[in-house]
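> My structure is below; once you've seen it, I'll send some questions.
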Amino acid sequence: MDDHREHPLPLELDHWYGVTGLRYRQFLEALTALDLISARRHLGLFSRLLLGTLEASEWAFAEAGPDPRDDEDAELVRVDFMILRRSLQGLDDALDQLDWVARERGPLRGAMVDRLDTFVRVDNIFARHHDRVRASLLPCLEAQLNRERSRVMAARLSASMQRAQPN
């Protein structure tokens, strides 16, 4: 079996998970600096990339066919998809609450600390999800797809994700 880094689709998918994680870190940096305008912008970028990455992962799962190993990690990856989608609304709500505190001239730092668990939890869920994708989805794609099909799917993924990036 080849290393997944030699197959275009797993390599491209792993790249976009990395870019998405970086966007979330930028959101957290802006948030902890109490720069809510930048935090909102980075959260929007993260959300677009996350949704694109999740859709691409689901699409890749469907295109590759059933995982012959049908392991527990594959099911956890699918559960992560649902949890991460739901978490986006929680992030947006928490940021809306911080915006309200800032408008009312309340103690913004304290309000951010009160909601820190929400923000850190999503970071942890995303990190565990990426680990599961690396352990389950990427090897499955490598095993199920030939290089040409992988190349075509990688090009489609790259074009889709580029559209999710800011101009």
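Here, each number is a calculation from the coordinates, and none is a lab measurement. Predicted model only: the values in this text are computed from it and were never measured. Quick reminder, even Gly has a Cβ in these numbers, built from the backbone with ideal geometry, and neighbours come from all protein chains shown.
> Considering the chain as a Gaussian network with a 10 Å cut-off on Cα pairs, which listed residue, Ala62, Ala94, Ala30, attains the greatest mean-square fluctuation?
Result for the chain, Cα springs under 10 Å: Ala62 fluctuates most.
> So what's the chain giving for Rg/Rh, alpha carbon basis, Kirkwood Rh from the mean inverse pair distance?
That ratio equals 1.05.
> Also, I was wondering about something else. Using helices alone, I'd like the mean residue ellipticity at 222 nm for the chain: each DSSP H run of four-plus residues gives -39500 (n - 2.57), total over residue count, nearest 500.
Result for the chain: -28500 deg cm²/dmol, rounded to the nearest 500.
> If I model a spin label at Asp123 and Arg41 as a point 7 Å from the Cα along the Cα→Cβ vector, what separation in nanometres do I get?
In this crude label model, Asp123 to Arg41 measures out at 2.1 nm.
> Same structure, new question: Pick from Val77, Val133, Val113: which is most flexible by mean-square fluctuation in a GNM of the chain where alpha carbon atoms under 10 Å apart are linked?
The residue that fluctuates most here is Val113.
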